1. Would a scan of region 146-161 turn up a residue that is of a type outside the set (Asp, Glu), in contact with a helix residue (DSSP H, G or I) (Cβ under 7 Å, 6 or more places away or on another chain), part of a loop (DSSP other than H, G, I, E, B) and surrounded by 19 or more Cβ atoms within 10 Å (Cβ to Cβ)?
2. Only one residue in 317, 245 is assigned to a helix (DSSP H, G or I), within 30 Å of residue 183 (Cβ to Cβ) and not hydroxyl-bearing (Ser, Thr, Tyr), so which one is that?
3. Could you list all residues from region 211-235 that are outside any helix (DSSP H, G or I) and buried (at least 21 other Cβ atoms within 10 Å of the Cβ)?
4. List the residue pairs whose Cβ atoms are under 6 Å apart, where the first residue sits in region 198-210 and is in a helix (DSSP H, G or I), the second is of a type in the set (A, V, I, L, M, F, W, C), and the two are 6 or more positions apart or on different chains.
5. Considering region 248-268 alone, what residues qualify as being part of a helix (DSSP H, G or I), among the hydrophobic types (A, V, I, L, M, F, W, C) and surrounded by 14 or more Cβ atoms within 10 Å (Cβ to Cβ)?
6. Please indicate, with yes or no, whether at least one residue in region 358-368 is surrounded by fewer than 19 Cβ atoms within 10 Å (Cβ to Cβ) and at pLDDT below 95.
7. Within region 415-438, can one find any residue that is more than 18 Å from the chain's Cα centre (by Cα), of a type outside the set (D, E, K, R) and within 21 Å of residue 477 (Cα to Cα)?
Amino acid sequence: MWLAPARSMSAVVRMRIPPRLAGAAASRALGATAGGNEAGKAVRGRVRSFEEIPHTGANRWLNLLTFWREGRFGLLHKHMENSFNSLGPIYREHLGLQSSVNILMPRDIAELFRCEGLNPRRMVLQPWATHREVRGHEKGVFLKNGAEWRADRLLLNKEVMLSAAVQRFVPHMDEVARDFCRMMASRVEGQAGAKHGKSSLTLNPSPDLFAFALEASCYILYGERIGLFSSTPSMESQKFIWAVERMLATTVPLLYLPAPLLERLGASLWTQHATAWDHIFTHAEARMKRGLSCKAQAGEIPGVLGQLLEKGQLSREAIKANITELMAGAVDTTAVPLQFALFELARNPAVQESVRRQVTQSVGRADGDPHKALEGAPLLKGTVKEILRLYPVGITVQRYPVQDLVLQNYNIPAGTLVQACLYPMGRSAEVFDDPLTFDPARWARMREEKAYGGAAFRSLAFGFGTRQCVGRRIAENEIRLLLMHILLNFHLSVSSSQDIDTKLTLILQPESPPRITFRIL
């Protein structure tokens, strides 16, 4: 859950760009960024103080009470969008224990990247950290900071981020995606038989997409299929999916309250959160035991787990912590964007046909190599970028700058929590041309024409810099491969083209999952 968008992680691992040079490069790449035309340029005269930044209310506990009373936690993305519309491109927010400066202009995000430091720090999800401390579990890289984070992260990059790792696990994802489409085709044909030849089926695909994400992620991480496409999926896997959903739903309100105190009081909200994490860890422990059993019998452990254990550079507790976080993040980070992607492709038939045509041609040239097929379909890549622009899984990317910086001509002291707000950025007419239109081709145009300063710091759903989401390559490739095979096998449609209402748990998701009609091509 989880960049320097224009750079591969292998480059990040090999070379650390000095902050001064990185900032200069970012400024050159962005040029005259729209929305920063006046406030974003160097302003003659004094730099305004931190206290002068517009804010949504000075009383943090009154603000939190208002959020609870009005149910704004589930609509935090809309609240951010409204706040930018009323206060401008930068504002402060005080909510309970959390205070932040919120920004949305790519030029400002580039400046924040310049000041992120050698060991970038983002907001710790305290409820998650408290669970690890109370249960005696080690923390994974998602919850670590400083040199300890960097050391573990560089080891994980080799197994899940670099091109060699991608080449290794893409065939596994491709196998699961093909099986998903065979399962769906069987259902459509069964429906057609029952309805005298009607070769289509309308359904809510959400449960099947969650099953795909869990099946593919387990295959990558543990090297085993768990049979979620069978007629009787395991109760263990169903519990895991429930636990991830419950964990996400309880995280956001706990961010603004003292989790350690709630744990000591045995508060219901905390108990639900901790119980969900316990299920997630139990699932990971069971998978690790199976992997170790495989080693005892066959002499090797498959998957990312096997690679980490074989190299022995991380302790088993650290491996368990990171594998658990990867599993918990991979399921929703893949399944939820797929829901939005199927909906947008279904309600934009011309776009659907354009992407299908390119995918078909690319597959024909790839000689059975799924990785090559993906590389030859830039519109498919643009589709994923476009989905994550309109519906970012995580609505913010946070950093604590290691030095003072100036954003929109306001001074931001070092150590301040600064949030790049992705949902309002993705829908801002000052950042994107015709922002509410689903247009996967826009990303190629932006690169070629340098429109609005190019694509730099505009595709940030997985974060940026060395602290981008460690599961990024897994999520991106799972989404692209499943969409590729769905487009090769089915035509998608919806009965209504109205926008989907969205809600926020810890991630952005549909208020009600869309119903999609699958018709076999």
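The values are calculated or read from the model by the stated rules, or taken from the named source; none is laboratory data. For clarity, every value in this text was computed on a predicted model and none was experimentally measured. Heads up, the Cβs are rebuilt from the backbone with ideal geometry, glycines too, and the neighbour counts pull from every protein chain shown.
1. yes
2. 245
3. Applying the first criterion (outside any helix (DSSP H, G or I)) to region 211-235 yields 223-234.
Correct list: 223, 228.
4. Every condition considered, the pairs that remain are 209/335; 209/338; 210/241; 210/335.
5. First, pick out the residues of region 248-268 that are part of a helix (DSSP H, G or I): 248-255, 259-265, 268.
Next, from what is left, pick out any that are among the hydrophobic types (A, V, I, L, M, F, W, C): 248-249, 252, 254-255, 259, 261-262, 265.
248, 249, 252, 254, 255, 259, 262, listed by residue number.
6. yes
7. Narrowing region 415-438 to residues more than 18 Å from the chain's Cα centre (by Cα): 415-418, 428-438.
Okay, now just the ones that are also of a type outside the set (D, E, K, R), so 415-418, 428-429, 431-432, 435-438.
Remaining after also requiring within 21 Å of residue 477 (Cα to Cα): 438.
Scanning region 415-438 turns up at least one residue that is more than 18 Å from the chain's Cα centre (by Cα), of a type outside the set (D, E, K, R) and within 21 Å of residue 477 (Cα to Cα).
Matching residues to (1) charged (D, E, K, R); (2) surrounded by 23 or more Cβ atoms within 10 Å (Cβ to Cβ); (3) within 30 Å of residue 121 (Cβ to Cβ):
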{"position": "463", "(1), (2), (3)": "no, yes, yes"}
{"position": "484", "(1), (2), (3)": "no, yes, no"}
{"position": "489", "(1), (2), (3)": "no, no, no"}
{"position": "494", "(1), (2), (3)": "no, no, no"}
{"position": "501", "(1), (2), (3)": "yes, no, no"}
{"position": "510", "(1), (2), (3)": "no, no, no"}
{"position": "517", "(1), (2), (3)": "no, no, no"}
